[in-house]
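Student: This is the structure I want to talk about, given as structure tokens.
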Amino acid sequence: MTNKPPSGAPDTASPGKLSLSHLAAMKGRGERIAMVTAYDAPSARLADAAGVDVVLVGDSAAMTVLGLDSTVPVTVDEMLMLTRAVSRGATRSLVVADMPFGSFQISDESALENAVRFVKEGGADAVKLERAGPTLRRVGAILDAGIPVVGHIGLTPQSVKMLGGYKAQGRTAAKAHRLLDDARALERAGCFAIVLEAIPAAVAARITRELTIPTVGIGAGPSCDGQVLVWHDLLALSTGHLPRFVKQYADIGGAILTALEAYVADVRAGRFPEAQHTYPMPEEELQLFEAELLATSLGEKRHK
Ligand code: KIV
């Protein structure tokens, strides 16, 4: 395995865009890769401007923006709409579209058809697929069409029922071995990076050393080649339980609430809008308008 992009996969999608080999070179230099999820154009623009390397249109959108209980119900069409928006905003960062549950499990053909939609209609640079095992064949089928693929192992939320909940994975020697085997298999299959979610830091460190492709951790400790966080967790826009691996970098949720409460109070009190928010009209036009209305109403009265 080399750090080169898989055969057939574009190294650079468009001018100014980061390339797959850029990520491989970052691993080579020991430079950490910064990845974040985003689900709309303004967020993608901000991620781009902040120097984020990879924007993931995660199927976490199901929970963060669509208000669903899990990632399972989100559809290809819903994910495509979000991916299109993110692709418009991210001109430098690589855009990776998460293939939702049901979009790649059924057959190589439907996996490829959906992956093509994410690139062609969604403007994604690559797609991400959860799990190894049967997913390995799908990775091959998608790569054969020249679409780069990111793997994802550990806590894979699409199979949360089988995993018995949102729990850390790979905490026994046998399970850690299985994770390493899966990571190696995904690398052999041609993935250009692998997300490691909710696994012990020591296991992630070992996997990272064993692979030539970059690992991107979320709840996988500091030794991964990169880190990914969910937009809404990072900015305190999420509601409910936060996993222990989340660090909140700003209370944007709190700032939005304060702003909205001030807006509601201003509207109720008639303090908004003020003169500077209002369109003026030439005085003579206003007088003409009023005079015409007066004439019309007088005329109507005469006809009654
Ligand atoms: O859907 C998502 O946001 C993800 C990240 C947690 C890696 O898969």
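The values are calculated or read from the model by the stated rules, or taken from the named source; none is laboratory data. Keep in mind it's a predicted model, so treat the numbers as computed, not measured. Counting neighbours? That spans all protein chains shown, and the Cβs are built from the backbone with ideal geometry, glycine included. The protein model used for the area step is the full one, side chains on, heavy atoms only, and it has no ligands, DNA or RNA in it. Shrake-Rupley method; radii C 1.70, N 1.55, O 1.52, S 1.80 Å.
Student: What helices (runs of 4 or more DSSP H), lying completely within segment 100-184, carry at least 3 residues that are touching a residue at least 12 places away in the same chain (Cβ under 8 Å) and either of a type in the set (S, T, N, Q) or at negative phi (or both)?
Tutor: In segment 100-184, the matching helices (runs of 4 or more DSSP H) lie at 108-120, 135-144.
Student: Return the only residue of A255, A259, A250 being free of Cβ contacts under 8 Å to residues at least 12 places away in the same chain, more than 10 Å from the ligand (Cβ to nearest atom), surrounded by 11 or more Cβ atoms within 10 Å (Cβ to Cβ) and not β-branched (V, I, T).
Tutor: A255
Student: Moving on to the next point. Please specify each residue of segment 48-85 satisfying the condition of being touching a residue at least 60 places away in the same chain (Cβ under 8 Å) and either under 22 Å from P148 (Cβ atoms) or of a type in the set (D, E) (or both).
Tutor: D53, V54, L56, V57, G58, D59, S60, T71
Student: Which residue is farthest from the ligand (Cβ to nearest atom), if the candidates are limited to segment 43-77 and must be within 16 Å of G123 (Cβ to Cβ) and open to solvent by 30 Å² or more (accessible area, probe 1.4 Å)?
Tutor: R45
Student: Right, another one. Search segment 228-241 for residues being part of a loop (DSSP other than H, G, I, E, B) and surrounded by 14 or more Cβ atoms within 10 Å (Cβ to Cβ), and hand back the single one that is nearest to the ligand (Cβ to nearest atom).
Tutor: Across segment 228-241, the extreme among qualifying residues is V230.
Student: Which residue out of F118, F101 is within 16 Å of the ligand (Cβ to nearest atom), open to solvent by 60 Å² or more (accessible area, probe 1.4 Å), modelled with pLDDT of 95 or more and within 21 Å of the chain's Cα centre (by Cα)?
Tutor: Matching residue, one of F118, F101: F101.
Student: Additional query: Do the conditions hold for A220, that is, is it open to solvent by less than 90 Å² (accessible area, probe 1.4 Å), in a loop (DSSP other than H, G, I, E, B) and among the aliphatic types (A, V, I, L, M)?
Tutor: The answer is yes for A220.
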